[in-house]
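The values are calculated or read from the model by the stated rules, or taken from the named source; none is laboratory data. Keep in mind it's a predicted model, so treat the numbers as computed, not measured. Cβ atoms come from the backbone with ideal geometry, glycine included; neighbour counts cover every protein chain shown.
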Amino acid sequence: MPANRFNGYTDYGIGIGLRVPHYQHILTRRPVVDWFEIISENFMIDGGRPLRILDEILKQYKVVQHGVSMYFGSAQRADREHLRRLKTLVQRTKTPWLSDHLCWGSVDGRYTHDLLPMPYTFEAARITAQKIREVRDFLEVPIAVENVSSYAEFHVSEMTEWEFLNEVVERADCGILLDVNNIYVSSKNHNFDPFTYLNSVPAERVAQIHIAGHSKYQKYILDTHDHPVIDPVWKLYARAIERTGHTATLLEWDDRIPTFGEVHDEALKANRFLASASLAKAV
Amino acid sequence: MNLLSIQRHIARAVMTPLTPSERMRHVAPNGRSQRAVANEIIKPNDRLTSFERLEIYNRQYWFRILSGFSEDFPGLRVVLGDRLFDKIAQAYLKDCPSRSFSMRNIGAKFGSWLRNPPHFAGSRQQLALDIARLEWAEINAFDGKRYDALRPEDFTNASPAKLRLKLQPHLSLLDLKYPVDDLVLRVRKDSTELSIASNTLSERHKGKRSVSVAPLLKPTPIFLAVHRMDEDVYFLRLEQKEFAILSRLRNGKSLGAAIEGVLRKNAMPDEECLLLIQKWFQNWSALGWFYRGTTDSTNS
């Protein structure tokens, strides 16, 4: 199960996000890390230090690209310049798969730079799937779409979020980047059972899993990626691994970033669940 | 309501500036009721109204975009102070919302926007404009394109009348009314490289920092090159004539025409001036500022 056509038949372990405060540590200490996830947009530039550092990282580590602004769910067509630059980067990193979010964020050429929630309609599923196909065909790399955290629901929705996810990935025939923290956050914000969501995900399409921390406010939870992973999210992760098997897992920590060692240690906690999955497979 | 229509309504609401207390406006500047938009499109839940749910996105948009903008123009924030900086930033971002997939380009039009009235910065308008131009040039130098540089021997035998040299895209030439380079360098010493993260949100408006009051600068025109070498960004002050030659080259003049224009206005003996220009060219080419143009660049 872990190596599938949606992650380029790779069998990656536990990775962490490549973040600026850790550059120095990584380049000088060369810590053992299974793989790094990069935010594509940080490297879709013409030159300079970010690309030099990326090239250094690529010499030593496996890198997977994760995007934040493809906006598969935006009603209008993908930006050609964006695609061109993304393809250049894909050729540079040789990422075995590429992920971005199941959301929208731009309209009429104006960008919000946010991951806005989709109305769960059949029209939206059709448009989104079409765009995923176009992007995959252009980039020539497997695509995995990530479920986002959300804070709003739409009157026009015709299905649940997990039904929408299934509808999109089936139509697009693409993979899933399953973010179990986002499932948890949305389940609290929208009053649903996160395990119902998790159990509905087509396990054979899961290319990668995200884990992260979040922040709790009085009336809602925000996906802030600035805390350790909480136990309820680890439980969701355990269930996800039970369903998918040993799957490439990535800890996101993007704000109030602690030392490299702390982030890596937090990520490696996933090992206890991955080990049980491997054991179950062996038995 | 179809997908495009929903997205247009939501985007308009999300991009509407917040109130001074950083909440969503009940009425948008065009008179549209934000509550009506929210109620029509977004479901309430047991804790939040439709308006409150939409407000989360409205606030996140402005927190994110203002933080990104602030990180790009830290020197300007120091000079103007948080309050005026935020006012100008919000006005700019309202007039010029991002049209790029990358937050990196958010300040691309700021310099030209700032030239136009109303002059928010009052008596510090020119100072603000100079800093904004320099800080944008710094961003461009940091990750702009660099082509393989010409070596001095690549053009020593070329005909000046025909030789057209191209200046590296990462190089900006600035004529500034204030010596803002030292100020920006001092501010930059405290900052770190920044990159966007994944889908994180914040409950606070980041980017504000406590800063010492900027010294009052007196107008003193300077000519500045902002460029990258060995992946570091540098500011290099230029002589006025240096600036003139480089600007002419950037505007497509041949080498001969670029030099001739400066020689014509020169009080110094031509021979002395040519020696000086030759020294400048050695320096510029050592810095890798030239790359091969497409026209007649190899004629000897």
If we keep only residues of the range A:112-143 that are within 11 Å of another protein chain (Cβ to nearest Cβ) and under 23 Å from residue B:98 (Cα atoms), then the residue farthest from the chain's Cα centre (by Cα) is A:112
Scanning the range A:1-23 residue by residue, those under 19 Å from residue A:141 (Cβ atoms) and either in contact with a Pro (Cβ under 9 Å, 6 or more places away or on another chain) or at pLDDT below 95 (or both) turn out to be A:2, A:3, A:4, A:5, A:6, A:7, A:8, A:9, A:10, A:11, A:12
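Yes/no matrix, rows are residues, columns are (1) more than 9 Å from chain A (Cβ to nearest Cβ); (2) outside any helix (DSSP H, G or I); (3) of a type outside the set (D, E, K, R); (4) under 25 Å from residue A:41 (Cβ atoms):
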| site | (1), (2), (3), (4) |
| --- | --- |
| B:7 | no, no, yes, yes |
| B:23 | yes, yes, no, no |
| B:58 | yes, no, yes, yes |
| B:71 | yes, no, no, yes |
| B:91 | yes, no, yes, no |
Scanning the range A:210-238 residue by residue, those within 18 Å of the chain's Cα centre (by Cα) and away from chain B (no Cβ under 14 Å) turn out to be A:228, A:229, A:233, A:234, A:236, A:237, A:238
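Yes/no matrix, rows are residues, columns are (1) aromatic (Phe, Trp, Tyr); (2) farther than 20 Å from residue B:233 by Cβ:
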residue: B:147; (1), (2): yes, no
residue: B:152; (1), (2): no, yes
residue: B:159; (1), (2): no, yes
residue: B:163; (1), (2): no, yes
residue: B:174; (1), (2): no, no
Across (1) over 20 Å from the mean Cα position of the chain (by Cα); (2) surrounded by 19 or more Cβ atoms within 10 Å (Cβ to Cβ), residue A:44 clears everything bar (1)
When every residue in the range A:50-66 that is charged (D, E, K, R) and surrounded by fewer than 17 Cβ atoms within 10 Å (Cβ to Cβ) is compared, the one nearest to the other protein chains (Cβ to nearest Cβ) is A:52
Among residues of the range A:1-30 being within 19 Å of residue A:42 (Cα to Cα) and of a type in the set (Val, Ile, Thr), the residue surrounded by the most Cβ atoms within 10 Å (Cβ to Cβ) is A:16
message = With the structure loaded, tell me whether residue B:137 is buried (at least 23 other Cβ atoms within 10 Å of the Cβ), modelled with pLDDT of 95 or more, away from chain A (no Cβ under 14 Å) and within 12 Å of the chain's Cα centre (by Cα) or whether it fails that test.
response = no
Just one listed residue, out of B:51, B:85, B:101, is within 14 Å of chain A (Cβ to nearest Cβ), aromatic (Phe, Trp, Tyr) and without any contact (Cβ under 8 Å) to a residue 24 or more places away in the chain, and it is B:101
In the range B:34-48, anything more than 10 Å from chain A (Cβ to nearest Cβ) and either crowded, with 19+ Cβ neighbours inside 10 Å or under 11 Å from residue A:151 (Cα atoms) (or both) is listed as B:34, B:37
Scanning the range B:104-116 for residues that are outside any loop (DSSP other than H, G, I, E, B) and within 12 Å of another protein chain (Cβ to nearest Cβ), the one surrounded by the most Cβ atoms within 10 Å (Cβ to Cβ) turns out to be B:104
When the range B:147-186 is checked residue by residue, the ones that are under 18 Å from the mean Cα position of the chain (by Cα), of a type outside the set (S, T, N, Q) and part of a loop (DSSP other than H, G, I, E, B) are B:169, B:170, B:171, B:177, B:178, B:179, B:180
Self-check item: Filter result for residue B:269 (exposed (fewer than 12 other Cβ atoms within 10 Å of the Cβ) and more than 26 Å from residue B:178 (Cα to Cα))
Solution: yes
Evaluate the following for residue A:100: is it at the interface with another protein chain (Cβ under 8 Å from one of its Cβ atoms), under 22 Å from residue A:252 (Cβ atoms), outside any loop (DSSP other than H, G, I, E, B) and in contact with a Leu (Cβ under 9 Å, 6 or more places away or on another chain)?
no
